[in-house]
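The values are calculated or read from the model by the stated rules, or taken from the named source; none is laboratory data. None of the values given here were measured: they were computed from a predicted structure. Cβ: placed from backbone, ideal geometry, glycine included. Neighbour counts: every protein chain shown. For accessibility, only protein heavy atoms count, side chains too; no ligands or nucleic acids. Shrake-Rupley method; radii C 1.70, N 1.55, O 1.52, S 1.80 Å.
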Amino acid sequence: MITSELPVLQDSVESGQDTVSLSMSLSELDDTGDGKTKKKRGRPGRPPAPSKKPRKSPSEKGPMGVQRGRKANGMAQQNGEGDPVTLFEVVKQGKSAMQSVVDDWIESYRQDRDLALLDLINFFIQCSGCKGTVRIEMFRNMQNAEIIRKMTEEFDEDSGDYPLTISGPLWKKFRYNFCEFICVLIRQCQYSIIYDEYMMDTVISLLTGLSDSQVRAFRHTSTLAAMKLMTALVNVALNLSINQDNTQRQYEAERNKMAGKRANEKLELLLQRRKELQENQDEIENMMNSIFKGIFVHRYRDAIAEIRAICIEEIGVWMKMYSDAFLNDSYLKYVGWTLHDRQGEVRLKCLKALQNLYTNRELFPKLELFTNRFKDRIVSMTLDKEYDVAVEAIRLVTLILQGSEDALSNEDCENVYHLVYSAHRPVAVAAGEFLHRKLFSRHDPQAEEALAKRRGRSSPNGNLIRMLVLFFLESELHEHAAYLVDSLWESSQELLKDWECMTELLLEEPVQGEEVLLDRQESALIELTVCTIRQAAEAHPPVGRGTGKRVLTAKERKMQIDDKNKLTEHFIMALPMLLSKYQTDAEKVANLLQIPQYFDLDVYSAGRMEKHLEALLKQIKFVVEKHTDTEVLEACSKTYCILCSEEYTIMNRVDIAHSQLIDELADRFSHSVEELLQAGEEADDDDIYNVLSTLKRLTAFHNAHDLTRWDLFGNCYRLLRTGIEQGSMPEQIAVQALQCSHYSILWQLVKITEGAPSKYYNDYGDIIKETLSKTRQTDKILCAKTLILSLQQLFNELIQDQGPNLDRTSSHVSGIKELARRFALTFGLDQIKTREAVATLHKDGIEFAFKYQNPKGPEYPPPNLAFLEVLCEFSSKLLRQDKKTVHSYLEKFMTEQMMERREDIWLPLISYRNSLLTGGDEDRMSITSGSSSSKAGSIRSKKGRPPLHKKRIEEESVEGSWMIRNDTLQTPGALQTPQLTSTVLRENPRQAAEHLSEQNSEPGSESDYVHNPQMQMSWLGQQKMEEVNRKERTAMNYMKARSGGVRQTVRGLMEDDAEPIFEDVMMSSRGQLEDMSEEFEDTMVIDLPPSRNRRERAELRPDFFDSAAMIEDDSWGFGALLKGT
């Protein structure tokens, strides 16, 4: 341990500036023990001439000169063998071990340190992506600021990319090699070179200057290098502190010996050793102080998020590595302030840095003040808009809970509790871990096991399961048991798989002195039990969490099989008893009957458990006889269907029990129908109830079972005919009879169509074709909307079945595309007639594709994006002008990121865009409307091209017939459009009301004006005049901007950039931030000139997808149609 006498890093607030010190007071920074003043770290001075070694020529140099040939002026040169010739190339390629590279450089430094340092300086310059080179004359005669200014002039910043930002495996490896080189360099120089007051002074001075550069590449690269350099120095300081501690103990032990046994020479050596270590510690302290004050305190608030993230990540390493020096409020405050950063990447680094600290419980006393100060902010970050940040915040809160349960209030815990119901699974799982630590961890295992033995239970988890039930019932925001189970599945599997304990709680009789489960609690426990069974048997999250079923690993597959066998063996015996106890409760029975579908039914035969099967079938029969609730009856029907599977040997036994039950129900139904029909109008309530109850049971079974051999249709038909003739049949009986008859007909159709499937397909196809033809004649637009709606419904069904990650090569997707291709053929060859309908179809399809955003974030495609691949089938039906307009409408929904993506998941968007752009300039109308079109075309070709003004009039006359019509137009004639019942598209009631008001408007109103082609032409003229005026105004404004407004515009952009770096992402903590700013005012000042990153520049770009931009390219007026929606 480091004693209290040893120096530690401190930060002084009183001095008005951030100071890193390894001494106990600030005065020791300025004055040493003998009164000497420490030399200020800056550009190093030259050593005395006598001590300077003679410089060798490149041919006389050692291994370093051989590996990388060098001219006398410091410029790199080829060595004739194709090997890398600069330090940058060596580190980038990474072919040599980093220690050997550093050893070569150290050898070169010992021979000629100016040339070696010049190589190191150029290494940092080239790592920044600068093509310039520092020459030896520049190094000797110019200050750092002049050198950096010269390199800035030679920097090519047009591309915006530099080694740290270029993607690809080579440059990712380069970043690792770059950081490793700096670490190894300090490690190899820690015993001599770093104390020569030349190498480290030069490097630190250079990195400080580069970190203050306006060039982002210089600032980013130098900050990373400086932070890694600081980390390496912290490690050196830690080793020095440990050596000082060991030397001090040896000295004290030797001094405490008796005078005769004391070795004075050893004492002198230990004193000399301690003095040397202290001097080295002071030197390392100066270096760290220069880096921290000169770079960190400025760059942790840099305008670039990546730079801020680097600073926060490394200060977390320092606090964990050398906690005695850095883990105090003077350094923790920087992490606390940055918790409010506006970029999720930086907030994420803060949380991970804190997690590394809170993992060590020995550090909790030093974190107590920080926890009290920033706990509220950390808890609020569990609701962060970035899911990754929210997950790490929950994990950090869990670590705080583990270290001290008193640190979090009940309100803090409740803010995390409800996140177990989040639809985002990582957030829910992290919240489940917190919930497990807080509520479901055994506090006294021995006492709980003793209680379980006294009660005769096989598991001590009884109280924990009761607590789980209470938590589920007290959740006011959600009632999704499946979500709760899934959230706790990874942290509380032992508890959730304790089905024996759950069954015991449900079946055991209460004893005196123990609380009994209430009816509501029993229902909740049964629901939770069923959810745990489903999770164990299916081994995937419930619907709404995750992106579909993933392939299980071998270990997960084995666990799934083991769990399924375990739950089957238990519930084969327990389920009949549970049904017997709760057979009168419809809700409980309906849930319990879900369990057999997760059984491994082979266990009945393999384990010789047929008697338990008989008990189950007996209880199901009792349930059918006691209940008429549809949900319960359907559960019984489904259970029989599962047990009757032909692949299992128990099928015959179950089929016999099922047939006996249907025989009894059918016979009872036949007798009750006879009695009801004979009684006629004198039938009483008992007669009606007997028919209705039996018919409900048979209808529920007829849904999943073929009951045609019992001829239920005959009696149902008699009931329906009697109701029609006499009008006295109760409505409930009529509904059930209709439904049962419907099932009977469907089962008969299944038998018939299995023999001749093509006969009905051909007839049905003809009917559909005729229907489409008539619909298109009535209203082409509504017909097109109907076609796209049917495709959307099929696509939605496919998404529900397969999840959002569709296999575009599957037969289901190909089927939808083939249907779309056939729909496209129905539009025929006359593109003029179908122009408006096809355009409307594309508009609806685009809106459907971009209707929902991906919950993962904007960098992922919308869930319905794959629908654009279906929409491609209709692109060939668009006119050339309409393709441009549709493409412009598509771009309104696209972000700049979408336009740059080329991954496979974006292929539907790429394909659809290409279908709109391909042939856009070559397409021509080969067939026009009218019988004499071909003749007119031949005559026109002979006479020559018509006058331009006539051509424009013809185009505008065609345009006026379709341009303004949109999806709010009504079907002509007396027939009204039927109400849509699809969940894909519904008419907005407010829009419908506005539409009715338009229908009832007076003549000459706006609606008449819009729908009148002749008046529309004059309106188009007005629009064109307004467009000309707008262009003239734009030109005048441009000239004004050219003459004198450019300077003001640039100044305004720079002023806009000076916005605060921090903002509260989730909850308002501005007051706390202002208080902190007042207390630590010295460190909150930013002296870096404002700069604008690429993301901020993007916000200044004009909106190229506004209405004005669309009008410029809208020669046919389709923009008005799209804008009308």
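The table below gives the values:
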quantity: The range 115-168, residues that are among the small types (Gly, Ala, Ser) and without any contact (Cβ under 8 Å) to a residue 24 or more places away in the chain; calculated: Gly132, Ser159, Ser167, Gly168
quantity: Checking Arg301 against (1) more than 20 Å from Lys375 (Cα to Cα); (2) among the charged types (D, E, K, R); (3) without any contact (Cβ under 8 Å) to a residue 60 or more places away in the chain, the condition it does not meet; calculated: (3)
quantity: Helices (runs of 4 or more DSSP H) completely within the range 885-943 that count 2 or more residues being at pLDDT 85 or above; calculated: 907-917
quantity: Residue list for the range 529-544, restricted to those being closer than 19 Å to Glu556 by Cβ and part of a loop (DSSP other than H, G, I, E, B); calculated: Ala539, His540, Pro541, Pro542
quantity: Counted residues, the range 408-452 - those being in contact with a Lys or Arg (Cβ under 7 Å, 6 or more places away or on another chain) and either modelled with pLDDT under 90 or not in a helix (DSSP H, G or I) (or both); calculated: 2
quantity: Ile193 being open to solvent by less than 30 Å² (accessible area, probe 1.4 Å), closer than 21 Å to Phe124 by Cα and more than 38 Å from the chain's Cα centre (by Cα); calculated: yes
quantity: Some residue of the range 385-395 being under 30 Å from Ser475 (Cα atoms), touching a residue at least 40 places away in the same chain (Cβ under 8 Å), outside any helix (DSSP H, G or I) and not polar (S, T, N, Q); calculated: yes
quantity: Among (1) at pLDDT below 85; (2) in contact with a Gly (Cβ under 6 Å, 6 or more places away or on another chain); (3) not acidic (Asp, Glu) - the single one Ile768 does not satisfy; calculated: (2)
quantity: Members of the range 808-830 that are in a loop (DSSP other than H, G, I, E, B) and either touching a helix residue (DSSP H, G or I) at 6+ places or on another chain (Cβ under 7 Å) or aromatic (Phe, Trp, Tyr) (or both); calculated: Arg808, Thr826, Phe827
quantity: Residue in the range 580-587 that is crowded, with 20+ Cβ neighbours inside 10 Å, of a type in the set (S, T, N, Q) and part of a helix (DSSP H, G or I) present; calculated: no
quantity: Filter pass, Ile284 being buried (at least 21 other Cβ atoms within 10 Å of the Cβ), closer than 24 Å to Lys320 by Cα and not hydroxyl-bearing (Ser, Thr, Tyr); calculated: yes
quantity: Conditions (1) at pLDDT 95 or above; (2) surrounded by fewer than 20 Cβ atoms within 10 Å (Cβ to Cβ); number of the one not met by Cys531; calculated: (2)
quantity: The one condition in (1) touching a residue at least 24 places away in the same chain (Cβ under 8 Å); (2) more than 30 Å from Val379 (Cα to Cα) that Cys350 fails to fulfil; calculated: (2)
quantity: Residue match in the range 121-132 (condition: in contact with a helix residue (DSSP H, G or I) (Cβ under 6 Å, 6 or more places away or on another chain) and at positive phi); calculated: yes
quantity: Qualifying residue in the range 335-353 (condition: under 24 Å from Leu233 (Cα atoms), in a helix (DSSP H, G or I), open to solvent by 10 Å² or more (accessible area, probe 1.4 Å) and among the aliphatic types (A, V, I, L, M)); calculated: no
quantity: Breaking point among (1) surrounded by fewer than 20 Cβ atoms within 10 Å (Cβ to Cβ); (2) within 26 Å of Leu210 (Cα to Cα), for Trp318; calculated: (1)
quantity: Where Asn256 falls short, out of the listed (1) under 40 Å from the mean Cα position of the chain (by Cα); (2) free of Cβ contacts under 8 Å to residues at least 60 places away in the same chain; calculated: (1)
quantity: Of all residues making up the range 620-637, the number that are surrounded by fewer than 19 Cβ atoms within 10 Å (Cβ to Cβ) and either closer than 22 Å to Ile533 by Cα or without any contact (Cβ under 8 Å) to a residue 24 or more places away in the chain (or both); calculated: 3
